[in-house]
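The values are calculated or read from the model by the stated rules, or taken from the named source; none is laboratory data. These figures come from a predicted structure and were not determined experimentally. Please note: Cβ atoms are built from the backbone with ideal geometry, for glycine as well, and neighbour counts cover all protein chains shown.
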Amino acid sequence: MARVTPWSLVLVVLCMTSWGSLVNGAAAAAGNNEGLGASFIFGDSLPDAGNNNYLQTLSKANIPPNGIDFKASGGQPTGRFTNGRTIGDIVGEELGVPDYAVPYLAPNSTGKANIIWLGLDIQIDYFNNTRQQLDKLLGPSKAKDYISKRSIFSITIGSNDFLNNYLLPLLSTGTRISENPDAFIDDMINHFRNQLTRLYQLDARKFVIGNVGPIGCIPYQKTINQLNENQCVDLANKLAVQYNRQLKNLLTELNGKLQGAIFIHANVYDLVMELITNYSKYGFTTASRACCGNGGQFAGIIPCGPTSSLCEDREKHVFWDPYHPSEAANLIIARQLVYGSTKYISPINLQQLRNL
């Protein structure tokens with residue numbers, strides 16, 4: 001069996017959501033040294049604002065009851081993998097962004113977002129194209145200032161490398177025989193180092209890097225492994241913890257090595273684990289069962305769709321579907337990232353990063 005390498009199966013989303021509008025904001029920047037720049041978001045399905053609507057993929061959130069609590073759409077599905085707002089939506093609100101992200105693939109997205117579901121290397125290629133467009137729009141000097149001083153680069157990857165690669169039964173056996181966890185994670189980190197350095201060379205300076213969450217505790221993993229309510233898949237979480245340890249070391253390394261850059265570490269693992277472990281403290285009644293889904297004890301096998309079972313108390317569930325948090329959980333996570341202490345976001349939070 002061919003060796004499956006990190007990043008080969010990862011579904012990565014690049015959202016370039018302008019605070020306001022990229023084109024209008026960049027044009028204004030030509031004569032104004034104040035204000036916000038753009039937010040460049042690299043990630044998986046968690047921050048997707050609806051690009052899955054326009055892709056040939058089985059991973060879809062453009063069907064009800066997804067979006068049932070999303071006020072901006074009147075409760076209609078938009079392609080967000082949750083019942084309401086994503087973490088990115090809420091972070092944007094808290095930082096003063098006037099509009100929600102519009103998917104690049106949508107007909108009305110011009111100037112607001114770029115997105116394609118490919119590997120991160122290709123995502124950076126697309127950012128490079130945008131970077132060149134800004135040079136033409138503003139001139140090289142002002143474009144560099146716009147990117148380096150007033151734009152934030154948010155990157156959360158890694159979960160799919162484990163869930164859809166190393167831990168996927170149909171693909172992972174050969175990989176685990178040919179490559180132990182240490183080597184697999186080393187490959188991930190080394191590749192990520194090169195990718196972050198490449199973004200730095202394209203004038204990115206403000207970075208927010210999320211670690212891998214407790215993937216062994218999502219309803220899907222609990223269901224397929226037939227665990228009880230208080231159990232998580234040990235191997236999945238151990239892999240996440242091992243990767244996260246090396247990721248934190250990488251960010252420390254880059255903070256010391258890449259002059260003028262700041263790499264913020266978002267401790268998503270501990271933050272989500274806190275919600276799962278102490279869910280009742282935050283007003284939830286369950287951190288095991290998906291609100292929307294079908295299959296098994298925790299409705300964790302079949303993704304959310306029109307024929308899924310649907311809970312009535314959506315604000316009481318940590319998980320919306322077998323993989324993704326509910327809006328209620330997203331709200332807690334997002335506010336910790338924007339305003340929280342170094343326990344979850346370090347060395348500074350997103351509000352402080354924006355104001356640098």
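Residues in segment 265-314 that are in a loop (DSSP other than H, G, I, E, B), of a type in the set (S, T, N, Q) and surrounded by 18 or more Cβ atoms within 10 Å (Cβ to Cβ) were compared, and the one that is nearest to the chain's Cα centre (by Cα) is Asn267. None of Ile152, Ile157, Ile218, Ile189 is crowded, with 21+ Cβ neighbours inside 10 Å, of a type outside the set (Phe, Trp, Tyr) and modelled with pLDDT of 95 or more except Ile218. Could you list all residues from segment 337-349 that are farther than 11 Å from Ile90 by Cβ and either surrounded by fewer than 24 Cβ atoms within 10 Å (Cβ to Cβ) or among the charged types (D, E, K, R) (or both)? Passing the criteria: Tyr339, Gly340, Ser341, Thr342, Lys343, Tyr344, Ser346, Pro347, Ile348, Asn349. Of all residues in segment 288-305, those that are under 21 Å from Asp69 (Cα atoms) have Cβ atoms under 7 Å from Cβ atoms of residues that are of a type in the set (Lys, Arg) and in a loop (DSSP other than H, G, I, E, B), 6 or more apart or on another chain, in Ala299/Arg289. Within segment 126-145, residues that are surrounded by 15 or more Cβ atoms within 10 Å (Cβ to Cβ) and modelled with pLDDT of 90 or more reach no partner that is among the β-branched types (Val, Ile, Thr) and not in a helix (DSSP H, G or I) with beta carbons closer than 9 Å at six or more positions or on different chains.
In this entry, Ile262 passes the filter for residues that are closer than 26 Å to Arg198 by Cα and crowded, with 16+ Cβ neighbours inside 10 Å. If the condition is being under 16 Å from Val208 (Cα atoms) and under 18 Å from the mean Cα position of the chain (by Cα), then segment 120-158 contributes Leu120, Ile124, Ser151, Ile152, Phe153, Ser154, Ile155, Thr156, Ile157, Gly158.
Restricting to segment 186-220, count the residues that are more than 19 Å from the chain's Cα centre (by Cα) and in a helix (DSSP H, G or I). Summing the residues that are more than 19 Å from the chain's Cα centre (by Cα) and in a helix (DSSP H, G or I) in segment 186-220 gives 8. If a residue must be in contact (Cβ under 8 Å) with a residue 24 or more places away in the chain, not in a loop (DSSP other than H, G, I, E, B) and not charged (D, E, K, R), how many such residues does segment 221-246 contain? The total comes to 12. Does segment 274-290 contain at least one residue that is under 23 Å from Asn165 (Cβ atoms) and in contact with a Phe, Trp or Tyr (Cβ under 8 Å, 6 or more places away or on another chain)? Yes: segment 274-290 contains one or more residues that are under 23 Å from Asn165 (Cβ atoms) and in contact with a Phe, Trp or Tyr (Cβ under 8 Å, 6 or more places away or on another chain). Annotation: Ile262 fulfils all but one of (1) under 26 Å from Tyr166 (Cα atoms); (2) of a type outside the set (D, E, K, R); (3) modelled with pLDDT of 95 or more; the unmet one is (1).
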